[in-house]
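Here's the structure, in structure tokens; my notes come after.
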Amino acid sequence: MAIADLNTMDNQQNECALTIDSAYKRYGPNSVVLKGLNMNVPQGAIYGLLGPSGCGKTTLLNCIVGRMNLDSGQIRMQAKKKSDVGYMPQDVALYSNLTIKETFNYYGGMYGMTMEQVDNRSEEVIKLLELPSDNSIVDTLSGGQQRRVSFGVALLHDPQLLILDEPTVGLDPLLSQSIWDHLLKLASHHKKSIIITTHYIEEARQANIVGLMRGGCLLAEAPPLQLMSTHGAATLEQAFLSLCQKQYSSSEDELQDNSSYPTDGPVSSPLNENGLFSCSRFKAQLIKNLLFMLRNKPMMMFLFGLPLLQCTLYNLAIGRDPEGLKVAIVNGELKHGLKDCSQYPLTGCNLDLPLSCRYINQIKMKTINLIEFDELSAARSTVERNKAWGMIHFASNYTEALMERINSTFETASPWAIDNSDVSVWMDMSRMGLASKKECIQF
Ligand SMILES: Nc1ncnc2c1ncn2[C@@H]1O[C@H](COP(=O)(O)OP(=O)(O)OP(=O)(O)O)[C@@H](O)[C@H]1O
């Protein structure tokens, strides 16, 4: 190839806002949507992407903006960051509880615009798109009005590349024409590149270039008048029909054969994120979430009220101290039982002082009735007769044999051993740290 030809090609690619080479995408082995599609969107032009429902237009746009990856191929773009692109998806994806103004403030903040910029731009956009009062809640708008707000969001930050998925569907013809006029002005005066999909084929005649898509590839890509003259057609629709008939003669399902499907790995959009953190994005998210909370009172009451109710019910049901429960105490730690406790202070950090006195002192503050026994067997037999009783045994001189007996009886290794009847509580003082006496235990 001559050097002059190569230079021309390079220049053409430099002037392209977007170039796609051999794009392949499928949703499953038998659902190939893009089949080696090539596309060139010139800088400062409106590119009308036409095609029947289900031919893969939305899939292609999603791959361009980075919502999904191609399976194979290449995407080159002049826009570098996601905020250089304005995307209006086919489905309305707005926050329904925000007003139009708040919606613009939110997306403006996400694009890193100042409040002043947002105010100026939203005023222009509201006027252009004939939106209702900016205090109207999105949820209360008609489907067409919501689509116009979504369109306004794509226009708001004045991006280099606009990608609009059926922006004029369901609009009043006069409004639709004023939108096209605005897009033409954006392309010719401000050198913005615009990709627009539409089902209205004749509408696309206003585009600078149209791509006719069918069966996952572009059948043709040329200025509308050139397409019509090449195919001897009076309308764009007839030109499209003639191209479809030509394609029909070749096999459409070639690529359903998995062996010929290229598998050179996922190809992501070249658009970069706008940085990990930005104050304006943080603020925009915060305000949006606060507004959501303010406007969803029943939901907030449920979110905060349910755990509160659960805690209250839990505490009312089982969280209180048992009232009037009689608990037997056998204090083996002191020679004369709890009577000896009067000699000792109940506060301070002296571990030579008996733990049982402090512990019992705490229990006395509760609503439990303590009944002291001198003998373990007497307390035990009383507990066994009256199942509702509890028993605390403070032992001082545990021998290995005694420990084993307690463990085998109560089958637990915790400092508290719970009797099989669930009412007898043993306190193993040696495991509470008293044996080592290294720690100060304060109740
Ligand atoms: N998430 C998905 N999982 C599986 N198949 C999908 C998915 N999204 C789209 N498809 C299929 O891919 C094909 C192309 O869908 P796509 O939405 O890209 O078409 P389209 O040309 O934008 O259609 P329309 O003009 O009706 O919006 C369709 O057959 C569709 O069923």
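Points to keep in mind about this one:
- Picking from residues in region 37-46 that are within 19 Å of VAL267 (Cβ to Cβ) and open to solvent by less than 10 Å² (accessible area, probe 1.4 Å), the one that is nearest to the ligand (Cβ to nearest atom) is LEU37.
- Which listed residue is in contact with a helix residue (DSSP H, G or I) (Cβ under 9 Å, 6 or more places away or on another chain), open to solvent by 70 Å² or more (accessible area, probe 1.4 Å) and either closer than 14 Å to ILE371 by Cα or not small (Gly, Ala, Ser) (or both), from CYS311, CYS341: CYS311
- Top-ranked residue in region 25-36 [being under 28 Å from the mean Cα position of the chain (by Cα) and modelled with pLDDT of 90 or more; ranked as surrounded by the fewest Cβ atoms within 10 Å (Cβ to Cβ)]: TYR27
- Of all residues in region 8-24, those satisfying the criterion of being surrounded by 11 or more Cβ atoms within 10 Å (Cβ to Cβ) and modelled with pLDDT of 50 or more are GLU15, CYS16, ALA17, LEU18, THR19, ILE20, ASP21, SER22, ALA23, TYR24.
- Conditions (1) within 16 Å of the ligand (Cβ to nearest atom); (2) open to solvent by 20 Å² or more (accessible area, probe 1.4 Å); (3) among the polar types (S, T, N, Q): number failed by SER188: (1)
- Residue check for LYS326: surrounded by 11 or more Cβ atoms within 10 Å (Cβ to Cβ), closer than 27 Å to ILE100 by Cα and in contact (Cβ under 8 Å) with a residue 40 or more places away in the chain: no
- Tally, over region 76-98, of residues that are in contact with a strand residue (DSSP E or B) (Cβ under 8 Å, 6 or more places away or on another chain) and part of a loop (DSSP other than H, G, I, E, B): 8
- Output for region 47-70, where each listed residue is part of a loop (DSSP other than H, G, I, E, B), touching a Lys or Arg at 6+ places or on another chain (Cβ under 9 Å) and within 12 Å of the ligand (Cβ to nearest atom): GLY51, PRO52, CYS55, GLY56, MET68
- Region 185-247 holds strands (runs of 3 or more DSSP E) entirely within its bounds, and those carrying 2 or more residues that are over 30 Å from ASN30 (Cα atoms) map to 193-198.
- Residue check for GLY73: assigned to a loop (DSSP other than H, G, I, E, B), on the phi > 0 side of the Ramachandran plot and not β-branched (Val, Ile, Thr): no
The values are calculated or read from the model by the stated rules, or taken from the named source; none is laboratory data. None of these values were measured; they are calculated from a predicted model. Every residue, glycine as well, gets a Cβ built from its backbone with ideal geometry; the counts of neighbours run over all protein chains shown. Side chains are part of the model used for accessible areas, which takes the heavy atoms of the whole protein and leaves out ligands, DNA and RNA. Shrake-Rupley method; radii C 1.70, N 1.55, O 1.52, S 1.80 Å.
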